[in-house]
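A.B. asks: My structure is below; once you've seen it, I'll send some questions.
The values are calculated or read from the model by the stated rules, or taken from the named source; none is laboratory data. As the structure is a computational prediction, the values presented were derived from the model and not from experiment. Because the Cβ atoms are built from the backbone with ideal geometry, glycine has one as well, and the counts that use them run over all protein chains shown. Only protein heavy atoms, including side chains, enter the accessible area calculation; ligands, DNA and RNA are left aside. Shrake-Rupley method; radii C 1.70, N 1.55, O 1.52, S 1.80 Å.
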Number of protein chains: 2
Amino acid sequence: MRPQNHPFQLPNPSQTPIAKQPKSPVMAHEMQPKLNVQIADQLSKIILKTPKGTRDYGPEQMALRLAVLDKIVAVFKKHGAETLDTPVFERKEVLTGKYGEDSKLIYDLKDQGGEILALRYDLTVPFARYLAMGKISSIKRYHVAKVYRRDNPSATRARYREFYQCDFDIAGQYDPMIPDAECIRVISEALRSLDVGPYTIKLNHRSLLDGIFAACGVPSDKFRAVCSAVDKLDKNSWSEVRREMIEEKGLNEANADKIGTYVSLFGGTELISKLRQDDELMKHESAVKGLESVELLFKYCHILRVTDEIIFDLSLARGLDYYTGVIFEATLTGDDVGVGSVAGGGRYDNLVGMFDSKNKSIPCVGLSLGVERIFNVLETKLSERGVKTRTTEVEVFVATAQKNLHEERMKLLSVLWDADVKAEQFYKRNVKLLAQLQYCEESGIPLVVIIGEGELARGEVTLRDVASRAEVSIPRASLIQEIRKRLAS
Amino acid sequence: MRPQNHPFQLPNPSQTPIAKQPKSPVMAHEMQPKLNVQIADQLSKIILKTPKGTRDYGPEQMALRLAVLDKIVAVFKKHGAETLDTPVFERKEVLTGKYGEDSKLIYDLKDQGGEILALRYDLTVPFARYLAMGKISSIKRYHVAKVYRRDNPSATRARYREFYQCDFDIAGQYDPMIPDAECIRVISEALRSLDVGPYTIKLNHRSLLDGIFAACGVPSDKFRAVCSAVDKLDKNSWSEVRREMIEEKGLNEANADKIGTYVSLFGGTELISKLRQDDELMKHESAVKGLESVELLFKYCHILRVTDEIIFDLSLARGLDYYTGVIFEATLTGDDVGVGSVAGGGRYDNLVGMFDSKNKSIPCVGLSLGVERIFNVLETKLSERGVKTRTTEVEVFVATAQKNLHEERMKLLSVLWDADVKAEQFYKRNVKLLAQLQYCEESGIPLVVIIGEGELARGEVTLRDVASRAEVSIPRASLIQEIRKRLAS
């Protein structure tokens, strides 16, 4: 009979903390394969890598990602959103003319006969196509999925060619700024729930920008091009943006400088009052309209208890062509993060109409959380704290103390699985008990059921608590009950 | 002051059951837009449809799909699997030479400069590429994601060009049939948990098939081609398959007929004994080996309590090139389902080696659940039973009984959201109370908080139980507590 206290020497858990990576000879594997390992296959000469700008997500990365996505979806559900899904590719014409200068980044599929297709660039245009196709006049939906952009990848800025977007949109003919303010609240709730540190949500309005451009002498057919230049202020300096406006967009220097004085302004509601006193600006109807909207949005945000984190920022432009009203963007403001925006969105009242045969449009407002950057921030935080993420949910490991008992392990596993206990074993017939116990300590499995010939003869099992290493004998008949009791506590 | 019992006439809930679709003028939308509605845009002439063989999933479809995927993932987790994810596209050379005749169905991306890419055809080849690239020698992983095949779509057979696969695979050098048997158990558990009715899991072995082909006089360089013909027996008649073997694969009639006698055999362990007495067959080492494996697999399946649902079926061949050992496939056997296989898989010991520079291979076995067919079966069942799926999780609707109280609604919503209550309102300033209450009944929201001027003056709200229509006044201070109490019960 096997003694209750195992004779082999395991290191004391208080002295050696759980290893970062399971090292068992049987189950061990590298958790995080190196990105883009290039191995020239001697036979087939295959370069072994993921496509440029993409990567695999290993088990630890996935565990974090799924936890983050779960939290975001919980916020979307709290606000009553349904979910829907669209194909990863669209007919190319659906995407054409929606993204302005960025259209060159769309991934096209090869013409293999039949329709001309392209991968989705965002989740917004497919959503608008869905609304138009189904004649849907109102919906509040979320969509978590990957989108594709042939951008220049930069792992440090978490800029990839394939990345998750988490979108929440409200479509329907509603009263001004009520759904818009809820979108700001959703961004704020999501970022708070993710514990990413302090953040700011910048607000602006496309109509106000148009009014500013008009007041600065920009001809209306150049609004979008100038807007696209202003959008680069989060990455480039004013002098670079000014140069683009003059050399590429054809503005004169005086007009460009006038724009420069506006887009350097930011603040709270006092900035609204200040702009109201700008007679030159207030001559332009779109500026008046935009400013009224921003004022109402601020009011509603305060009612929805989103106050300190919002800022009225005239430099916010957003790159995409389809925005027509309020625009917003969230950035992390902690000392240690330089990751750029983590959420953005705005109102796009005309996009659905671009798909409708009678040009009937559905007003929409929505947001998109850029979770890749959030993943990066959280991964850094976790690794700094030395936190190890469990990648499985195994509750019980079934081990044997002698050889040739693998069929007994399998019998016991069946009993556990039938009782909905998450359980596993090693897939080898004979493994040293020490290796089995070490694996449990390394991978954070809380309980081990050990069977040896003695236990079998007595109709018992040994139940081991992995953390304390305490073992007790219990009759097989009460095993499930005991496991449930221990897991509940 | 507004009376506690509303004067408007709502239909009695016992007489009119909750409508199938919300019809509120504000929130209503079509839940299931028609597939491929073609609308010629008068301006841009855009044909408004999803690409051939793909569709959108609306909110009701998504609710069912997410519930099904959750159940499947729960089974995978019960067996201790980690999850990982790979890009939706791979370098084309990764996919080349892995799928035999089906390679023509791969979606290629357009050459836009840079790498030549193609959409993933399954989750198995990317998994093997991942293992080789990361030098991972053992892992048990699941992967739920969409794959892409330029197949001829058939909605009735639930055959699409974009569809979900749910894969579970065990990679590593283990003892024979222990992980293989667990895969069979996982399929059985998953199908049982989904409540799709009776099912059968067919088992066979590629080595045994090779032995049979050899015994029937097929030259070894034609094994894969003949195997691919046999694979069509689930869709085509024997005479069609026979014709293909003779006319396309170049077998003579006598050999084809000999194969026909074998592939018509199916049964339990008694078939193993019967084949053992076939001296001609037993001359072939691969047949002996295959039969031994099947015998051991049956034994382990019985230990794992998978018994009545498994069947040894010599007609099972599986189309893909990469299988090397046990193969299996599950089909639903209820009267009303003709959906073909709902799960399949097998052992593929050489696939990882195809990516390794030193040809080092990692033995693997795994399964894939074809959930599109399962979705179809469950959707039919639900619609027959008239079951309506809720598409949101909203717990409380905030309504107003008079005009110009929208800011009060928003204040109350903030309180609810801060307390993690799932809550929503209409986004219009003024809506008739009747419309608000009807929306709640139609969409299954359990509670309504109503505020009117009287309630505001008294510091109270009216809490309405949607099902019973009973209303009570409660102080605002105890609202959250009361909501939690009611939702818990």
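A.B. asks: Can you run down the residue pairs with Cβ atoms below 9 Å, 6 or more apart or on separate chains, where the first is in the range B:100-115 and within 7 Å of chain A (Cβ to nearest Cβ) and the partner is hydroxyl-bearing (S, T, Y) and not in a loop (DSSP other than H, G, I, E, B)?
C.D. replies: B:Y107/B:Y148
A.B. asks: Open to solvent by less than 50 Å² (accessible area, probe 1.4 Å), modelled with pLDDT of 95 or more and among the hydroxyl-bearing types (S, T, Y), is that true of A:S207?
C.D. replies: Criteria met by A:S207.
A.B. asks: Go through (1) closer than 17 Å to B:Q165 by Cβ; (2) modelled with pLDDT under 95 one by one and return the number of the condition B:G113 breaks.
C.D. replies: Condition (1) is where B:G113 drops out.
A.B. asks: Is it true that A:Q173 is polar (S, T, N, Q), out of contact with any Asp or Glu (no Cβ under 8 Å at 6 or more places or on another chain) and in the same structural domain as A:K299 (by TED's automatic domain parsing)? It would help to see each step written out before you state the result.
C.D. replies: Details: polar (S, T, N, Q): yes; out of contact with any Asp or Glu (no Cβ under 8 Å at 6 or more places or on another chain): yes; in the same structural domain as A:K299 (by TED's automatic domain parsing): yes.
Taking the combined requirement at face value, the residue satisfies it.
A.B. asks: Name the residues in the range A:130-140 that are within 7 Å of chain B (Cβ to nearest Cβ) and touching a residue at least 24 places away in the same chain (Cβ under 8 Å), would you? If you could, list the steps in order and put the result at the bottom.
C.D. replies: We begin by selecting, within the range A:130-140, every residue within 7 Å of chain B (Cβ to nearest Cβ); these are A:130, A:132-139.
Once the filter is applied, which keeps residues that are within 7 Å of chain B (Cβ to nearest Cβ) and touching a residue at least 24 places away in the same chain (Cβ under 8 Å), the range A:130-140 yields A:Y130, A:A132, A:M133, A:I136, A:S137, A:S138, A:I139.
A.B. asks: Among the numbered conditions (1) buried (at least 22 other Cβ atoms within 10 Å of the Cβ); (2) in contact with a Cys (Cβ under 7 Å, 6 or more places away or on another chain), tell me where B:V218 comes up short.
C.D. replies: (2)
A.B. asks: What's the number of the condition B:D169 fails, among (1) more than 10 Å from chain A (Cβ to nearest Cβ); (2) surrounded by fewer than 24 Cβ atoms within 10 Å (Cβ to Cβ); (3) of a type in the set (D, E)?
C.D. replies: (2)
A.B. asks: Does B:S383 qualify as being more than 8 Å from chain A (Cβ to nearest Cβ) and without any contact (Cβ under 8 Å) to a residue 24 or more places away in the chain?
C.D. replies: yes
A.B. asks: Please pick out the residue among B:A317, B:A343 that is surrounded by 19 or more Cβ atoms within 10 Å (Cβ to Cβ) and assigned to a strand (DSSP E or B).
C.D. replies: B:A343
A.B. asks: Check A:S361 against each of (1) closer than 18 Å to A:S188 by Cβ; (2) without any contact (Cβ under 8 Å) to a residue 40 or more places away in the chain; (3) open to solvent by 10 Å² or more (accessible area, probe 1.4 Å) and name the one condition it does not meet.
C.D. replies: With respect to (1) closer than 18 Å to A:S188 by Cβ; (2) without any contact (Cβ under 8 Å) to a residue 40 or more places away in the chain; (3) open to solvent by 10 Å² or more (accessible area, probe 1.4 Å), A:S361 is out only on (1).
A.B. asks: Restricting to the range B:263-306, give me the number of residues that are of a type outside the set (D, E), more than 14 Å from chain A (Cβ to nearest Cβ) and not in a helix (DSSP H, G or I).
C.D. replies: 8
A.B. asks: Follow-up. For the range B:361-455, list the strands (runs of 3 or more DSSP E) that sit wholly inside it and hold at least 3 residues that are under 30 Å from B:K146 (Cα atoms) and at pLDDT 95 or above; which are they?
C.D. replies: Strands (runs of 3 or more DSSP E) meeting the threshold: B:364-369.
A.B. asks: Let me ask another. Which residues, taken from the range A:177-204, are at the interface with chain B (Cβ under 9 Å from one of its Cβ atoms) and out of contact with any helix residue (DSSP H, G or I) (no Cβ under 9 Å at 6 or more places or on another chain)? Steps first, please.
C.D. replies: Of the residues in the range A:177-204, the ones at the interface with chain B (Cβ under 9 Å from one of its Cβ atoms) are A:178-179, A:181-182, A:185, A:189.
Matches in the range A:177-204: A:P179 only.
A.B. asks: Return the pair list, or none, for Cβ contacts closer than 8 Å from residues in the range B:400-423 that are facing chain A (nearest Cβ under 9 Å) to residues that are among the small types (G, A, S) and assigned to a helix (DSSP H, G or I), at least 6 apart or on different chains.
C.D. replies: B:M410/A:A181
A.B. asks: Please tell me if A:Y174 is closer than 14 Å to A:G366 by Cβ, open to solvent by 10 Å² or more (accessible area, probe 1.4 Å) and facing another protein chain (nearest Cβ under 9 Å).
C.D. replies: Criteria met by A:Y174.
A.B. asks: Here's a check for you: in the range A:43-100, which residue that is of a type in the set (V, I, T) and not in a loop (DSSP other than H, G, I, E, B) is farthest from A:I184 (Cα to Cα)?
C.D. replies: Checking each candidate, the answer is A:I47.
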